[in-house]
Amino acid sequence: MQPDSQHMSDEEIVSMTIRDAAFFSHIVLRYEDKLSRYIMRLGIRNAEDRQDTLQEIFIKIYKNLNGFDTSLSFSSWVYRIAHNEAISAYRKLSVRPEGHLIDEGNERVAREMTMEEGAEKEFDVRVNAQEVYRALEEVEEKYRTVLILRFFEHKEYEEISDILKIPTGSVGTLIHRGKKQLKEKLDTKQLHV
Amino acid sequence: MKKIESQPHTNSDQESKLSCLVLAQIAQDSLTPCARWRFLCRNYFVWIAWAVSVIFGAISFTVMLYVADNARFALYEATHSTPLSFFAEVLPFMWIVAFLIMGTLAYYNMSHTKSAYKYPLWQLLTSSMVFSIVGGIVLHVFGVGYIIDTQLGKGMPLYQSYERTEAKMWQNPEEGRLLGVFSEMDEKEQVYIFIDGNNKKWSIQTAELRTPDRDLLSSGKTVRVLGTTKDQKAGYFHACGVFPWMHNGAVSAQGMRADRKVFLEKMYAHMENGDRLEGFEREVFEKNQDMPFKEGLCADLAVVKRMKF
């Protein structure tokens, strides 16, 4: 009888995959779109490169299934592998982010970013989202990554800490500084509010 | 890359191009998940490496503690001109460096454990150091520092144990210091026959020694003798102070203060005696004439002069 994968947890699918590789397709299906968007935001914009990188990511996930740290959520573990693979692929391909880092339809997210504490209160909610996208491209990589995970992937601080392997306190600091740097970039662009 | 032919547990409508590619590659390359024991071994290896670093750090620290506890700074003027030069000589630099290296290694190993990233650098570094320090203190309580230092000193000619450092400081006839044991009394010459650390025989004059010093000298125990070498070839030594040689246990701060008090009393007594004899000399004899006494030589000791000024 075929198990109903819809109601199965990631961990259950993992243990079934270890016995039968075919179950791994469920993992791929669950994370394909999320990881595709994530690595694109990290800078792998070419569809073919992205497909290759994703394939490498899933192969790596498969090979390391027995090393899955059950103290983490499976999602964080998957994102950690994806992040590392995407960064090395990005460097290998020498791909520079081109055009808009953030895909269309994320205007709401960009607006959310500008509404958060500190740097953002000066901004009107009707901020020009396109300017935010461009400014984010210029933010340092270490800040950009946490900003993407926080505001585009909607990850909690704990999850970001697990994905990037940094202390939770550092996540907060990086987000704060990232937003500050983002504000400076927006200021230099003389963003109209 | 070809697709795998059958996927018994997947829904065909759920299949995606990517999942087909991934499964095809898994089948084609006969990939299997890495064995769990490999991950466990890596994890255990990191922790074992950390434990080894901490243990060696604790050993380094316990020897440092042993040296710190045993450093006989009570008599530092006898061997060095300043406390700084004394500590520069007795500090166990090798063990300090070893402790720092082990601390760094422990930190490095700990930072490679699975959950290390959750903690800031200072916490990882401090925790590794704290384990070594606590371990070092526990080992020190059981006298492990002394055992390691002395055994290494015996077994390795190049290793400078603290006992050897101290012995080197005191076995220095040119500078008026001897380390050794009493052999016999020469009744005819009224001198003590003394065998130093190099098995050289010395005739020690004790005219300026106090009774407790003479008793200690003739006790047969290993002692340190401070004085002046009158004739190194013939082995004549004029003693100004005798001090016990203790290297079997730590000295308390109170004991160290008592040792220092006795040492200072002896040196100030020589100083006063020298002043008294100098005044007497001026009164009775012409200047620059040799003194007719056996006494007064101790007032010319470098340590006495240092303390005078």
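Once you've got the Cα coordinates, tell me which of A:Lys142/A:Lys185; A:Lys34/A:Lys92; A:Lys60/A:Lys179; B:Lys201/B:Lys305 are over 24 Å apart.
Numbers: A:Lys142/A:Lys185 15 Å; A:Lys34/A:Lys92 22 Å; A:Lys60/A:Lys179 33 Å; B:Lys201/B:Lys305 28 Å.
As for pairs spanning more than 24 Å Cα to Cα, those are A:Lys60/A:Lys179; B:Lys201/B:Lys305.
Averaged over the residues of peptide B:21-28, the number of Cβ atoms from other protein chains lying within 10 Å of each residue's Cβ is 6.
Could you tell me which of rounded, prolate or oblate describes region B:36-165, using a ≥ b ≥ c as the square roots of the eigenvalues of the alpha-carbon gyration tensor, with rounded for a/c under 1.5 and, failing that, prolate when a/b is larger than b/c and oblate otherwise? In terms of gyration-tensor shape, prolate.
Suppose we flag GluC sites (Glu not before Pro) only when DSSP calls them loop and at most 10 other Cβ atoms lie within 10 Å. Which is the longest uninterrupted stretch of chain B?
Details: sites that count: B:Glu5, B:Glu187, B:Glu286.
Answer - B:6-186.
Quick one: helix B:144-155 against the long Cα principal axis of chain B, what's the angle to the nearest 10°, folded into 0 to 90? Once rounded, one gets 80 degrees. Excluding B:Asp196 itself, calculate the net charge of residues whose Cβ lies under 11 Å from the Cβ of B:Asp196, where each Lys or Arg counts +1 and each Asp or Glu counts -1. Result for the local shell: +4. Spin-label pair A:Asp52-B:Tyr108: with each label point 7 Å from Cα along the Cα-Cβ axis, the two points sit 3.5 nm from one another. Largest GNM mean-square fluctuation across B:Thr126, B:Thr165, B:Thr62, computed for chain B with C-alpha springs under 10 Å, falls on B:Thr126. The residues of region B:36-165 expose on average 55 square angstrom of accessible surface per residue, using a 1.4 Å probe on protein heavy atoms. In degrees between 0 and 90, to the nearest 10, how far off the longest principal axis of chain B does helix B:121-141 point, with axes built from Cα atoms? Orientation of helix B:121-141: about 50 degrees from the principal axis.
Taking only the Cα atoms of chain B, how large is their convex hull per residue, in Å³? Mind dumping the intermediate values first?
On the way: hull volume 66.5 nm³, N = 309.
Hull volume over Cα atoms, normalised by residue count, gives 215 Å³.
Each Lys or Arg adds one and each Asp or Glu subtracts one; over the other residues with Cβ under 13 Å from the Cβ of B:Gly145, this totals -3.
With helices as the sole contributors, chain B gives -17500 deg cm²/dmol at 222 nm; each DSSP H run of n ≥ 4 counts as -39500 (n - 2.57), and the sum is divided by every residue. For chain B, modelled as a GNM whose springs connect Cα atoms under 10 angstrom apart, the maximal fluctuation among B:Val134, B:Val223, B:Val242 occurs at B:Val134. Between the helical axis of B:36-70 and the longest alpha-carbon principal axis of chain B there is an angle of about 10 degrees.
Please give the net charge around B:Leu124, taking every other residue with its beta carbon less than 15 angstrom from that of B:Leu124, where Lys and Arg add +1 and Asp and Glu add -1. Please list the in-between numbers first.
On the way: positive: A:Lys165, B:Lys114, B:Lys118; negative: none.
Residues near B:Leu124 contribute +3 overall.
In region B:175-262, what percent of the accessible surface is made up of carbon and sulfur (1.4 Å probe, ligands and nucleic acids excluded)? Present the calculation step by step, with values, prior to reporting the outcome.
Numbers: 2100 of 4530 Å².
It is 46 percent, rounded to a whole number.
The values are calculated or read from the model by the stated rules, or taken from the named source; none is laboratory data. On a predicted model such as this, the values are computed, not experimentally measured, just so you know. So basically every Cβ, Gly included, is an ideal-geometry build from the backbone, and we count neighbours across all protein chains shown. Each accessible area value is taken on the protein alone, full model and side chains, heavy atoms only, with ligands, DNA and RNA left out. Shrake-Rupley method; radii C 1.70, N 1.55, O 1.52, S 1.80 Å.
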